[in-house]
Each structure stands twice: as C-alpha cells, then as structure tokens.
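The values are calculated or read from the model by the stated rules, or taken from the named source; none is laboratory data. It should be emphasised that the depicted structure is a prediction, and the values quoted were computed from it without experimental measurement. Cβ sites come from the backbone with ideal geometry, for glycine too, and all protein chains shown count toward neighbours. Heavy atoms of the whole protein, side chains included, go into the accessibility calculation; ligands, DNA and RNA do not. Shrake-Rupley method; radii C 1.70, N 1.55, O 1.52, S 1.80 Å.
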Amino acid sequence: MKPIQTTKRALRRFLLEKQLLLYPREERASSAEELRKRVMDVIRQLECVQIDPVSAVSPNQHLTLAARIAGYEQGILNELLRENEVFEYFANAACIIPMEHYPIFEPVRQRLRERTSASIDMIQPVIEQVLHKLESEGPLPAKSFESEQRVYGYWDNVNAKTKATSHALNLLMDAAQIRIVGREGNQRLFD
C-alpha cells in the first residue's frame, strides 16, 4: 500500500471538518423537530458523543453538541434516550451512540453477560428487587433504591463498599437487561 502524503495544515483541516468544527454553525432550527433532527445528524456524523459527569460549565455531551448546533437544548438528549433513538454505553468511555449501532455492541454485551453472571447470581435477591421496582415504577435513578447491604463492586477499592442495589443496577446495565433512558443532572435514569 502506498503511503498518503499530506501536510499538517491539510490534516488539521480534515480533523476539524470531520468533527464539524471547521465551518460556522447553521442558523437556529425553525422547529423543535428540526432541532432534534440536527442533533441526531451530528451524533451520527460524530458516531458517538462522550459523556462526562464532571462539568465546570455544563456536562461534556451538551458542550459538544452546543458547539456544533445553534440553539441546542439539553433536554433533547433525554428525549432521544427515552425514545430509543440513542443509547448510552461504553465505547472508549461512557458515550451517547445512535441506536442503529446497538447491534454492533452485541459481542461486547455477550462478554459482559458472561463476566457478570457469577456476580449477578451472588446478589440474585437484590437483582429481583431492582427489576421489580423498575417494572412497577418506571425509570429511576440509583438513589431511589434502598439497601442496607453493602458489597464490593468491580470499581471499588479495598476500603470502600457500595449499596447492593447500585451494584445490581450496574451489573444489569452491563448485562444489557436494563439501560439508561435519561438523566437528571448527573443521575442516570435506569429502565
């Protein structure tokens, strides 16, 4: 294969254009539906938008979209999550991804189901409690679940424990038995 010759300037322009940052943003959308369409178009072109709950100004996912879409409104992402237009999952980090890419992640979900099955079995009563509450009450944040039981999750260090229900939510999400359907601030809404 013959190497491609380019300049730093051309490469910079290519990267900025690919990331939708080279040209000025279009005018504001004339309707809510047009704005939703623009948000989906940008997410599709970027392929994913990284989520970062740490925010000095606003969460990363909203800054990313606002830099590219005039009149962007933060509530649109929650609508898109709730309506199954996008999903939240781990690509290189937690990301918003177009729903049409969901099948691509099936091998990852299968590996995670295999990896988490023993942990799920260990806290099966808590798993059943969490699933029942989600079925009966709809989308809920982790703080809506009471648990006296503390367990070590795969993210915990030797000195920390987390609520068994929080661990159950994360295991169920990894195993694709539930998913994130919105956010209230930094709180994920599971369903």
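For this structure, a couple of remarks:
- Rounded to the nearest 10 degrees, the inclination of helix 32-46 to the longest alpha-carbon principal axis of the chain is 90 degrees.
- Packing rank of 132-144, 84-96, where each peptide gets the mean count of other beta carbons within 10 Å, highest leading: 84-96, 132-144
- Relative to the current alpha-carbon distance between Ser136 and Ala70, full extension at 0.36 nm per residue lengthens the span by 19.9 nm.
- For the chain, built as a Gaussian network whose Cα springs stay under 10 Å, the top-fluctuating residue of Met99, Met122, Met173: Met122
- Accessible-area composition of the chain, carbon plus sulfur, in percent [1.4 Å probe]: 52
- Whole-Å semi-axes of region 82-161's equivalent ellipsoid (Cα gyration tensor): 25, 18, 14
- Shown is the FRET efficiency for Arg28 and Val54, computed with R0 = 22 Å from the Cβ-Cβ distance and rounded to the nearest 0.05: 0.15.
- Extent along principal axes [Cα atoms of region 82-126; Å; largest to smallest]: 33, 22, 18
- With Cα atoms, 0 to 90° folded angle of helix 124-137 axis to the chain main axis: 60
- Axis of helix 164-174 versus longest Cα principal axis of the chain: the two differ by about 50°, to the nearest ten degrees.
- Between region 33-69 and region 101-127, the alpha-carbon centres lie 28 Å apart.
- Mean accessible surface per residue for the chain, computed with a 1.4 Å probe while every protein chain stays in place, in Å²: 62
- Radius of gyration, Dmax [region 41-191; alpha carbons; angstrom]: 16.1, 49
- Treating each Cα of region 15-63 as an identical point scatterer and summing with the Debye formula, the log10 of I(q)/I(0) at q = 0.14, 0.21 Å⁻¹ comes to -0.44, -0.93.
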